[in-house]
Structure formats: structure tokens, C-alpha cells
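Input: a single structure, listed below in C-alpha cells.
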Amino acid sequence: MRVAIVHDWMTTLGGGEKVVLTLARALGAEIITTELDPSVPRDAGFEDVRIRPVATLPRMQPWRTIAATRAFSRLALTGLDLVVLSGNWVVHAARWHHPNLYYCHTPTRVFYDLRESWIASLPRGQRLLARAWSRAHRRWNERALPHLDRIVANSGNVRRRILRYWGRDSVVVHPPVFTDRFRFDFVGDSWLDVSRLSHEKGLDLAVDVFRRLPRERLLVVGGAPRGTDRERFIRDLRPPPNVEFRDTVPERELIDLYARCRGVLSTSVDEDFGMTAVEANASGKVVVAPDGGGYRETQVAGVTGFLLPPRPDVFADRIASLTTSDLEGRAGPCRAQARKFDAMVFIEKMRALVEQAVGKG
């Protein structure tokens, strides 16, 4: 099969990038994207995957997403049996590429359920433009949706959003985690939060929790999207001395951090899926996260994870209650649960959907 995968951009390493890199290697497909930071596939261990950047984008929003949307609207690929789309702005490539399969990480949340909270988080002088842009670009995106042949949702949670906001059904295929790459070394002294520095990740909650736990330590690992002032983002959170921020690290270093942390904190409210929670479990570590979203699909509540109301006092009390011996005893059940979301499960399901789409085409 001649398959290409079209992805918004590859400038930071997150769950979406791991999805397309895994699928591209499994299918022998090339990834087409706007901008590429070569460290992204290298840090993820996918140097062998072919990636072709096709545009240079402005750094600042919303001009960045507008330029990406235009680039995908004009994209013309030939000689293919199927195009797989991944991201928010790639939907505009669907019009010219059939058959296509859209892997949806979520309907763009600043257009829908997080629109008002995102606007409220901005400086007052930016809110009017943000409101106008989100309304106009949402309509622009929605005009492209009828050209999507089939939609794959990354979780049941996202499937429900797709039905609610777009009126389309979808099939669920959970993102891939190479569970055999992860290991349990010991229960360490620091908690770990692997998170992109963006509004929807709820890092203000994480900081507030550890402000209440001065004897505990938290390490936040993750990059900032292009156009985001990383230092200003962190400064605005006013982190206490026991919270450290580190940029994206190579996969092998991240595996070490998982293996030696105390546990993993995830603070996204109504998380799409939550790949880091599965990576934590694959490392034998428990997850403390808000009750809802994809966490309900990946965690055995009270065993592999503690799903709580998103309040700093409740999170702090739970973290303080967990002893080293308790955390050590949960390593086996955590690893067994993670294997349900292994990369091979993802690859087999996606290959079947791709073959079906090509056959219908």
C-alpha cells in the first residue's frame, strides 16, 4: 500500500507525534508536515521514519494556525492509495485526498469545551481578537469536515466529543505505548509530570498541589508549543522551590525518569486520552489525576491510579497518604494494566482500518 500520513507540525514531542511516528514505521509511510524539528523523531527513537516538511510558519498565534490551514488547503499529493490525517488543521487536506482516514486526537478544544476558559486566561488586550479568531477558524474547519471519509477517535472520550460537536460517528483506537521499553527501578523521592506547557494541561493545579506539599518534590518535563514564551509561561505559574521544570528530553532519559520517580501526576481536566498515564503504569508507577476523560479508560481506580476531584487540597492529601511500601506493591498491577494499551494493539487495529479503507477506495 502507498500511504502517506499528514500531521499538523512536528516541533515538540507529544502524544500526537508518537502516534504518527509509530504508524509511519509500521506502514512504511512518509509523514508530510508543515514544520519539522529534527530532534522530535530523534528523541523519540524514530530516526528511520521519512518526514517531509512542506511549509514555513510564523511563530506567533493565531497567524501560525492560519498559515498551516492554508498550507494543507493547497496540499496536493499524488500516487497514493490512502492518506491518513492527524491533527487539527490537516482536515483541510481531506478535500483533495480520497480515500482518507482521520485520526482525531480531539476536536480543537479552544473552539469548543475550553473556549471560554482559554479566552479568560489571556491578557485582556488579546481577548477580543482571540474570540473573533476562534469563532471564524472554527467555521473554517467545520467546512472541511464533510470531506473526511472516516474518523478514528483516540478514546471513547474523544468519540463522544466528535459526536457532540460534529455529529459524526467514529471508531476508537487508543494511542500506542511500547510497554516493553519501560521498566520499574524503584520508588524515588520526586513525583513526575510529563506535560506540554499549554493551557489545557492544567499545570496551575499541579503547582498548587505541590505548594501545599513543601516536603515533596515535583519534576515537570515537557516542551512549549512554538509561539509560546516558555519562561513567561512558567513564571506566570509562580512555582514554589520544590517544583522544577525541564524541557523535552530524549525517550531514553524519559524512561529513566519514569523508572525512578515516586509516582506520576497528571492534571489535565477531561484529558483526551492521557498517554503519559499509560507510560507511568508501564513503568510500574501509580497515577494521580482528575476523575474524568481518558483517565477513566486507562486506570483501575484505587489500584493503578487515583482519580480525584480537581482540587489542590484533595490531590495533596492523597499524595501525602501514599507510602513507599504501598507504591512498591502496586508496580505489578500497573504494568499488567498498561499492556492492554501496547503499541502492537494499536498497530494491528490501525492496519486493519487502513486495509479496509484502501479496499473501499
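Quick notes
- Selection of the stretch 36-62 for residues being modelled with pLDDT under 95 and among the aromatic types (Phe, Trp, Tyr) yields an empty set.
- The condition (being under 30 Å from LEU254 (Cβ atoms), small (Gly, Ala, Ser), part of a helix (DSSP H, G or I) and in the same structural domain as ARG161 (by TED's automatic domain parsing)) is satisfied by just one residue among ALA93, ALA68: ALA68.
- Single condition HIS137 does not satisfy, out of (1) at pLDDT below 95; (2) in the same structural domain as TRP96 (by TED's automatic domain parsing): (1)
- Test: ALA132 is buried (at least 20 other Cβ atoms within 10 Å of the Cβ) and either modelled with pLDDT under 95 or assigned by TED's automatic domain parsing to the domain that holds ILE32 (or both): no
- When the stretch 28-42 is filtered for residues that are among the acidic types (Asp, Glu) and touching a Pro at 6+ places or on another chain (Cβ under 9 Å), only GLU35 remains.
- Qualifying residues in the stretch 139-159 (those that are closer than 21 Å to VAL345 by Cβ and over 16 Å from the mean Cα position of the chain (by Cα)) - the one surrounded by the most Cβ atoms within 10 Å (Cβ to Cβ): ILE151
- Failed criterion for ALA76 (all others in (1) among the small types (Gly, Ala, Ser); (2) buried (at least 16 other Cβ atoms within 10 Å of the Cβ); (3) free of Cβ contacts under 8 Å to residues at least 24 places away in the same chain hold): (2)
- For the stretch 262-301, taking the residues that are of a type in the set (S, T, N, Q) and touching a Lys or Arg at 6+ places or on another chain (Cβ under 9 Å), the one that is surrounded by the fewest Cβ atoms within 10 Å (Cβ to Cβ) is identified as THR267.
- In the stretch 162-261, counting only helices (runs of 4 or more DSSP H) that sit wholly within it, the ones holding 2 or more residues that are in contact (Cβ under 8 Å) with a residue 40 or more places away in the chain span 203-211, 251-260.
- Count of the stretch 341-352 residues which are loosely packed, with under 14 Cβ neighbours inside 10 Å and closer than 16 Å to GLN299 by Cα: 0
Residues are listed down the side, and each one gets a yes or a no for (1) in the same structural domain as SER39 (by TED's automatic domain parsing); (2) crowded, with 22+ Cβ neighbours inside 10 Å; (3) touching a helix residue (DSSP H, G or I) at 6+ places or on another chain (Cβ under 9 Å):
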position	(1), (2), (3)
HIS199	no, no, yes
LEU203	no, yes, yes
PRO214	no, no, no
PRO241	no, no, no
GLU251	no, no, yes
ARG260	no, no, no
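- Filter pass, GLY222 being modelled with pLDDT under 95 and under 21 Å from LEU13 (Cα atoms): yes
- Within the stretch 273-291, the residues that satisfy the criterion of being in a loop (DSSP other than H, G, I, E, B) and either among the hydroxyl-bearing types (Ser, Thr, Tyr) or farther than 21 Å from THR248 by Cα (or both) are SER283, GLY284, VAL286, ASP291.
The values are calculated or read from the model by the stated rules, or taken from the named source; none is laboratory data. Not measured: the values here are computed from a predicted model. With ideal geometry, Cβ positions are generated from the backbone for all residues, glycine too; neighbour counts draw on all protein chains shown.
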